[in-house]
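One structure below.
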Amino acid sequence: MFDRSVHILASFEWSVIWDNRGLFWDGFKHTIKAGALGFVLAYVVGLVLGAVRAHRIPVLNQVAVTYVELIRNTPILVQIIFLYYGLPVLGVHLETFTVAWLSITIWGGAFMTENFRAGFEAVPPRLREAGYALGFTPLKAFLNVTLPIGGRIALPSTINTAISVVKNTSLLLIIGYPELTYVANSIQSNTFRVFEAFSALAVCYLTIVWALSALIRFLEARLALPEAL
Amino acid sequence: MPLVPDWFRPVAEYMLREGLPETLRIAAIALVASVAIGLTLGTLMTIRFFPLRWLIRFYVEVWRGLPILVTVLFIYWLPAYDIGSFHLQLNAYQSAALGLSLWGSAQVAEATRGAVQSIPKEQHEAAAALGFGWIGRHRFVILPQATRRLLPPMVGLLVNIIQNTTIAFVIGVNEFLQAGTRQFENVTSGLTGQVAPSYAPFMIFGFVMLGFFVICFPLTRLAAYLEKRLVV
């Protein structure tokens, strides 16, 4: 076993990674493009629907619950395939890139909704009532009281969801979106250098994910609420 | 019009007969392996011996940080490996189960560490006073109490594992989604002799979603219920 591991290390061809650096860079850009768009839009969906859920706005609340439960209880891979192969039947033809960002937004939005709902509901009602007593309209009270406090409570869990959104871009391989995993997989099948291609891929993902995790810890320290509510 | 169209009946039967058991089997293997490895590593992580702690921390961060698809593809494509006379080559099914177990064990380890550390140190001291060693103390006193806190996330993990078995689809395991895709290719190519309507993919992949929903929804509710009942 020792022989073998020495053999793998000794035969590690750095040139496989170096020669394909252009391909990896393109894949990285595609991952970031879909990932960043999904990341931002998932926050928007989560903020709006989280507020709807926390305030129990009739009709919209039921729609949001249905959406959240449907998405959280089905695999994202099936959702991607459904958007890509199932929707054209209804006359909705989506481009690969559209399916790419849309699918991870839909998935991330459902989890973000739950993150923000929990955050908003953790804000004591008396704070909002104090806002009303000062003459705030319900919208103003939400923007000035519930959002700043509840948003801070929800922040760490939303970043965890955002990390998952970025990791889920790897699944876009199956619809042929040329992101990092797609690139590494095709390099691997062209050169048979599995170890080199996937080591480089793993380093890329771990860099992104660990950087975002560090951001959570930083924000948790910076934005911690000064005292117990 | 019948409730289930003629062309769809054999499709659904194939998916439920061939695909679903495969999905559940992979999920069961991954769950058992994740819980066994994760409980052990998570408990060991509470020992104040930094090389061991860092080693387990590295294991957890790597397998949690990588997308499961990347882990599974990596394992699947690795060339055959000879240890002495033992020839190691994992097929698609084993690669998927191993990849899911690595990810799942990292999740369980992290949850276990938190749960074990949340047990007051008086419990450790009382167990030690009764003459328990480190293993006995954790096996009979600490872990049974930590289980209470661990149960809701474990049910959540099961839901995640079941959903993530679909990753095995990518490397060709005939699980629920793959079975659906194969049937989709069959009916649209006319191989089955039945003429499938144009809405066939919508219905087949909708059925895949429905199948997962029926399994996962009760488990999600159970996790939420346990969270309310058991924690505090």
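Values in this text are rule-based calculations from the coordinates and carry no lab data. All figures in this text were calculated on a predicted structure; none of them were measured in a lab. Glycine gets a Cβ as well: all are built from the backbone with ideal geometry, and neighbour counts include every protein chain shown.
Listing for the model above:
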item: Fewest-first ranking of A:Val16, B:Val32, A:Val48, using other Cβ atoms within 10 Å as the exposure measure; result: B:Val32, A:Val48, A:Val16
item: Rounded to 10°, Cα long-axis angle of helix A:194-223 versus longest principal axis of chain A; result: 20 degrees
item: Extension gain from A:Asp19 to A:Ile32, taking 0.36 nm per residue of separation minus the Cα-Cα distance; result: 2.5 nm
item: Exposure proxy ranking, count of Cβ atoms within 10 Å, fewest first, for A:Thr74, A:Thr207; result: A:Thr207, A:Thr74
item: Partner aspartates and glutamates for A:Lys140 [C-alpha distance under 16 Å; skip if fewer than 8 residues away on the same chain]; result: A:Glu129
item: Pair A:Phe12, A:Val40: separation of 7 Å Cα→Cβ label points (nm); result: 3.7 nm
item: Of every Cα-Cα pair in region B:1-43, the percent that sits beyond 13 Å; result: 66 percent
item: Derived scalar couplings ³J(HN,Hα) [region A:114-123; Karplus, 6.51 cos²θ - 1.76 cosθ + 1.60; whole Hz; x for Gly, Pro]; result: 5, 4, 6, 4, 4, x, 5, 6, 7, 6
item: In nm, spacing of pseudo-spin labels at B:Leu16 and B:Arg139 (7 Å Cα→C-beta vector); result: 4.4 nm
item: Theoretical ellipticity at 222 nm over chain B - DSSP helices of four or more residues, -39500 (n - 2.57) apiece, nearest 500; result: -23500 deg cm²/dmol
item: Relative exposure of A:Leu134, A:Leu37, A:Leu219, judged by other C-beta atoms within 10 Å (fewest first); result: A:Leu134, A:Leu219, A:Leu37
item: Mean separation of Cα contacts under 8 Å, 6 or more apart, over the residue count of region A:33-169: relative contact order %; result: 38 percent
item: ³J(HN,Hα), Karplus 6.51/-1.76/1.60, whole Hz, each residue of region A:58-70, x for Gly, Pro; result: x, 6, 4, 4, 5, 4, 5, 4, 4, 4, 4, 5, 5
item: Centroid-to-centroid separation of region A:150-198 and region A:76-126 [C-alpha atoms, Å]; result: 17 Å
item: Label point at B:Glu61 placed 7 Å out along Cα→Cβ; residues across region A:165-188 whose backbone nitrogen lies under 19 Å; result: A:167
item: A:Thr96 versus A:Thr207: modelled label distance in nm, points set 7 Å from Cα along the beta carbon direction; result: 2.4 nm
item: Distance-filtered residues of region A:118-161 - backbone nitrogen under 19 Å, label point 7 angstrom along A:Val65 Cα→Cβ; result: A:118-122
item: Normalised contact order of chain B, rounded percent, pairs of Cα under 8 Å and 6 or more residues apart; result: 28 percent
item: Computed E for B:Leu88/A:Ser199 - FRET, C-beta separation, R0 25 angstrom, nearest 0.05; result: 0.85
item: Cα Rg, Dmax (largest Cα-Cα span) when computed across region B:8-230, Å; result: 21.5, 75
item: Region B:120-133 - phi-based ³J(HN,Hα) in whole Hz, Karplus 6.51/-1.76/1.60, Gly and Pro as x; result: x, 6, 4, 5, 4, 5, 5, 5, 5, 5, 7, x, 6, x
item: Estimated 222 nm signal from helices in chain A, with DSSP H stretches of n ≥ 4 weighted -39500 (n - 2.57), rounded to 500; result: -24500 deg cm²/dmol
item: Alpha-carbon Debye profile of region A:33-169, log10 I(q)/I(0) at 0.11, 0.13, 0.20, 0.21 Å⁻¹; result: -0.44, -0.59, -1.11, -1.18
item: Share of alpha-carbon pairs per 10 Å distance bin for the protein assembly as shown, given as whole %; result: 4, 17, 27, 26, 17, 7, 2, 0, 0
item: Gain in span if fully extended, B:Glu227 to B:Arg53, counting 0.36 nm per residue against the direct Cα distance; result: 59.8 nm
